[in-house]
Each structure stands twice: as C-alpha cells, then as structure tokens.
Amino acid sequence: MRILFTRIWDRAWLPLTVLLGCAVYVYFLSAGGVQRWPVYGWYHDLLADGFRSGHLYIPRAPDPELIAAKNPYDPINSNHWLFDASYFKGKYYVYWGPFPALLQAAAKTVLGIKRSIGDQYVALFFLCVGNLFGALLVERLARRLFSKVPRLLIILGAFALFFANPTLHAVTTAGTYHTAIVSAQTCLLGGLVAAFDSVWYAGTPKDRGWKLAFAGLGFGLALACRITVAPAVVVFCVATLLANAWDAERRIRKLLRNALWLGAPLLVISCALLTYNKLRFESWLEFGTNVMTSGLPPLHFSLESLAHLLPNLYSYMLRPAVLSCQFPYVFQVWSMSPAEAFPKGFTLPNDYMVMEPVVGWLLVVPLTWLIPFALVLVPRPFSLRQRYARTYLWCLVVFSALASATGLIALAIYGATMRYLNDVTFGLVLVALLGGYALRAHSIGRRLPRATTAVFGILACASIVLGMLLGYQGYNGQFHKVNPALDSVLVEKLSVCAGPATVPRYQP
C-alpha cells in the first residue's frame, strides 16, 4: 500500500500543486468568494467583440467632436476621449497585443456568450496555464540538474513562482493592463519549457525539431501579447540555438536547421503582428502607443529617457513598503512623497512621477537573496560539451533575461508601477531557484542538508506570505472594498494592535 501511495504521489504532486495555485488565484480574484467578481477592465473583451464582428477596431464610436477636432490628441479634447484607447481616423483601437482578445473571442463564440464578461476571465486562464508551465519548468530544473533536491523544495519553489509579489497583486486587479503582462509571461514560460527539453535532449535520440517549433510558437505568441518582451525573445532564441547545436559534429548545419524550426512560427506570428499594425494605423511599426488618448504624458524613448533609469531601478528593487501592526501588515503606498520613496540626496528628473505603488522585489521576495549562488556555483570543471554544464548555463542566461530584458523598456518610463514587476518576477524567482537548488546540491548542501533546506524553505515561505499580503490589497483594496464583511473580520482577528479598523493606504 505504501508503494502504491508513493507511485500515485509521484505522478499527482505536480497537477495537485497547479490546481491549488489556481484555487488560490480564484479566491483572491473573487475577494474571498463573492458572487459578482469585480471587473477592472474591458478592452480585451471589447477587442474580442470587434474581432467577432469582422473588424480590428473596438465597438465604441468616438464622439463627433473628437472626430471633427483639428488635433484629437490635444488634452483640450480629453472630455471626449476613451481613456487609454488608441484613436486613429475615426476609430478606437487598443495598443495591447491581440492574442488574449483572439482567445477570448474564440471562447465566447464556442460557448455562445454574447454579453461583456470583463478581462479577468482571460487573465485567470493565462495565470493558471502559466502555473502549469512554471511548475513543469521548476520540476525539470530540479530533477534534471539537481536530482538530490528534496521534493518539498521543488513544491515550495513552484509555490514561490506562483505567489511571489506581484503575481497575486495582479490577480486581484485582473484588468486590461495586467492581462497583457501575465499572458505574455505565460507564453514565454511555455516556450521555455519546450526550449529546455530541446537543450537537454540535444544530440540524443529524443532530439526533435518540433520542440524548437513549440518554443518559437510560445515566444511568438508572447510578442502578440506584449511587444516589449522582444529583447528577451532575442536572447532566448540565440541562447537556445547555440546550446542546442554546440556539441554537434556539423555545428553550423545543425544551427541553421534548428533556426528554421525555431524561427518559422516566430516569423509567421511577427509578420502577422506587423500586418495587423499596418491595417490599423497604416504603419508597420505603430503598435498604438503614439496615438493614445491619455491624460498622461506620451511615451517617447530618447536619450533623455535614460534619466529615469536609476529612479526606476531603485523603485523596482528597493522602494519601501509601510509596515503596520494592522492586517495585512505590509502596505503599498499610493502617491508617496519623494522623501519617503527615495533615500536622502537622490535626484529625480523633473518629469518623474511618484504616484503608483511599488514595493521593491529585494525586500518582499526574499527568495531572490539566493540569486548570487546561481552565479557562484556554476558547475566545475566547466565544459559546454557536458550536457549538465551546457543546460545550467542556458538556464542562467535565459532566466536572467526573463528577469531583466523583459522589463528594459519599462525602465525608461517616467514612473514605476507595481504591475511592471510582473514582467520580471518569474525570471527573478527562477534564477533564485537555480541558485537555491545549486546550493542544496553542492557539497555545502550535502554536508549541511538541514541548514540549507531550512534557509531555502524560510525564504520561499516568506516570499509566498509577503506576496499574499500585498496581493490581498491589489491596486484598489480588493477585499477591503469588494468584501468588506470578510475584511473587517480578518482585520479584527489578525491585527496585533488595538484600535479601529482603518486601511488608509488604499487608492481612494
């Protein structure tokens, strides 16, 4: 009986982990189970309805005054704008990628849904699929590179990937912006699972081109969700092709053949995306950001934009939260003063906005403190002809790119926001897991198994808990506003100080 249970658990732990992660997402998205889920965005759903009607614009007619205006983008016309839509020649479009809307259009058609349903459903779908891809990637990382790592640490690593801030923060504000980000991350993770298998099995009978094709498909769909991930996709493709062909006898020939497998779906999707731009805006490279109807300053990237680099780096890494004895203890802060957000003497550009809440990942994802071990514990002696060393280096490169290159463009924007951390957090956690598992499998971990296991477990659990506490709030005080009855009970029971239940740091 014990052997039977062990065999069942060997096969069941991964899907059970994924299902539990999705259940937590549903709980947070529904603010503890309210019947009417809050809606924070409609644009993907509007675009889906546009696709179903046979056109590329959303079914919202601009005001006649806006159509007649000499310069419709002048803020003087803001009363006639559809906020954050892209206006061009009498039609409203969106600048977010079309893939989530295409998927939502297909789902509504198959299920016979005619009403508007909000973007939170497609966001939840991508998050749950992302859980599956993330768990598969963590399982491959641990089992193939570090076979002695205890399963408990693999499960904790998967949960850290699911819940580290700001994933749950995005779940509880699952609107248009967040949907675009998490859908791109899900597609990237799916592509990386296929790419990992391709690199691991390179030169063996299981070396198959279709794995590279699936990787290219995932990377291409990510571009069709969020074009800003393009720098990371370039790194992924180069690293995967080199790692896959490095040990081949005819290296150049295999490199070119694999480039066709990997590049074909990526090229098709990229061409379709550029054609989509041309049909909408009469320009191959116009994604909609230059024709936005928004009260915020337009997004222009130039040498002057580099002045935003240091403030954004500091914000995303070290911007402080506010601690309280009142549940949920760790609070994001809206409209922080520069003196609160930055250390004394920090110089900010004149156009820099300290408005939206951000809490630095180095403070609330303590698992990332293990990242240095991924660099220090590179396999020795190191040889790219060894499958283990080659795959380790590939993981280090692509996970680091997922933790950095996906957020490069956001660093040039005139302000930081919590949702852009979703662009890099999966990568940060994966690099941390690479370092943590390398430490546990190293001679240090073998001599001190309990100590290294405890360190990893504490940092992973802290990352999970902090992610949940910040996710409880979301951008708009999810539980506080949507389920005040439950919120008041939790604040009363879990706060460690007396006094009235006040939560002043949510957005008004």
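The values are calculated or read from the model by the stated rules, or taken from the named source; none is laboratory data. Remember, predicted model here, so these are calculated numbers, not experimental data. In this analysis, Cβ positions are derived from the backbone assuming ideal geometry, glycine residues included, and neighbour counts consider all displayed protein chains. Heads up: the accessible areas ignore ligands, DNA and RNA and are worked out on the full protein's heavy atoms, side chains in. Shrake-Rupley method; radii C 1.70, N 1.55, O 1.52, S 1.80 Å.
If R0 is taken as 45 Å, the Cβ-Cβ distance between W284 and Y27 corresponds to a FRET efficiency of 0.55.
Model label points for K493 and D247, set 7 angstrom from Cα along the Cα-to-Cβ axis, are 5.4 nm apart. Near the amide H of A85, within less than 5 Å, lie the amide hydrogens of T293, all on another chain or at least 5 residues away, with H placed in the peptide plane.
Computed about its Cα centre, the charge dipole of the stretch 51-131 is approximately 360 debye, with only Lys, Arg, Asp and Glu carrying charge at their Cβ.
So if we plug the beta-carbon distance of D63 and L486 into 1/(1 + (r/R0)^6) with R0 = 25 Å, what FRET efficiency do we get, rounded to 0.05?
Values: r = 41 Å, r/R0 = 1.63.
That pair, D63 with L486, gives E of 0.05.
Relative contact order of the stretch 13-123: 32 percent, from C-alpha pairs under 8 Å at least 6 residues apart in sequence. Taking each residue as 0.36 nm, the span from F382 to F346 lengthens on full extension beyond its C-alpha to C-alpha distance by 8.8 nm. Measuring nothing but how far apart in sequence close Cα pairs (under 8 Å, 6+ apart) lie, relative to its length, the chain scores a relative contact order of 20 percent.
In debye, nearest 20, what is the charge dipole magnitude of the chain about its Cα centre with +1 on Lys and Arg Cβ and -1 on Asp and Glu Cβ, if you could check? It would help to have the intermediate numbers written out before the result.
On the way: 42 positive and 22 negative charges, 474 e Å.
Computed about the Cα centre, the dipole is about 2280 debye.
Under 19 Å from the 7 Å Cα→Cβ point of R115, by amide nitrogen: which residues of the stretch 40-68? Once the point is set 7 Å along Cα→Cβ of R115, 40-50 turn out to lie under 19 Å by backbone N, inside the stretch 40-68. For the chain, C187, C225, C237, C271, C395, C461 have no disulfide-compatible partner, since no other Cys C-beta lies under 4.7 Å from theirs.
For percent of Cα pairs over 46 Å apart, the value calculated from this model appears in (1) 12; (2) 23; (3) 16 under label (1).
Is there a quick way to get the dipole size of the stretch 322-461? I mean about its Cα centre, with the Cβ of Lys and Arg at +1 and of Asp and Glu at -1; what is the value in debye to the nearest 20? Kindly include the intermediate steps, with their values, before the conclusion.
Working: 10 positive and 4 negative charges, 216 e Å.
That gives the stretch 322-461 a dipole magnitude of about 1040 debye.
What does the helix-only formula give at 222 nm for the chain: each DSSP H stretch with n ≥ 4 adding -39500 (n - 2.57), the total divided by the residues, and the result rounded to the nearest 500 deg cm²/dmol? Calculated from helices alone, the mean residue ellipticity at 222 nm is -18000 deg cm²/dmol.
Count the lysine pairs in the chain whose Cα atoms lie under 21 Å apart, taking only pairs 8 or more positions apart in sequence or on different chains.
Numbers: K70/K89; K70/K91; K89/K278; K91/K278; K206/K254; K211/K254; K481/K493.
The number of close lysine pairs in the chain is 7.
Amide H to amide H, with H built 1.01 Å from N, G415 comes under 5 Å of M353, counting only residues 5 or more places away or on other chains.
For the stretch 251-359, which trypsin sites (Lys or Arg not before Pro) pass both filters: DSSP loop (anything but H, G, I, E, B) and at most 13 other C-beta atoms within 10 Å?
On the way: sites: R251, R253, K254, R257, K278, R280, K344; in loops: K344.
For trypsin sites (Lys or Arg not before Pro) across the stretch 251-359 that sit outside H, G, I, E and B with at most 13 neighbouring Cβ atoms in 10 Å, the list reads K344.
Among residues other than L152 whose Cβ falls under 15 Å from its Cβ, what is the net charge (Lys/Arg +1, Asp/Glu -1)? Provide the component values of the computation, followed by the final result.
On the way: positive: R143, K148, R151, R440, R450; negative: D10, E139.
Net of charged neighbours comes to +3.
Search the structure for amide H atoms under 5 Å from the amide H of V359, placed 1.01 Å from N in the peptide plane, and list their residues when 5 or more places away or on another chain. Long-range HN contacts for V359: none found. Just the Cα atoms of the stretch 78-221, one point each, no solvent: what log10 I(q)/I(0) does Debye give at q = 0.10, 0.12 Å⁻¹? Log-scaled intensity ratios, in q order: -0.47, -0.64.
Taking label points 7 Å from Cα along the Cα-to-Cβ direction, I76 and V465 give a separation of 5.8 nm.
Quantify, in whole percent, the carbon and sulfur part of the accessible surface of the stretch 20-145 (1.4 Å probe; protein heavy atoms only). Working shown, then result.
On the way: 3570 of 5950 Å².
On the stretch 20-145, the fraction of accessible area on carbon and sulfur atoms equals 60 percent.
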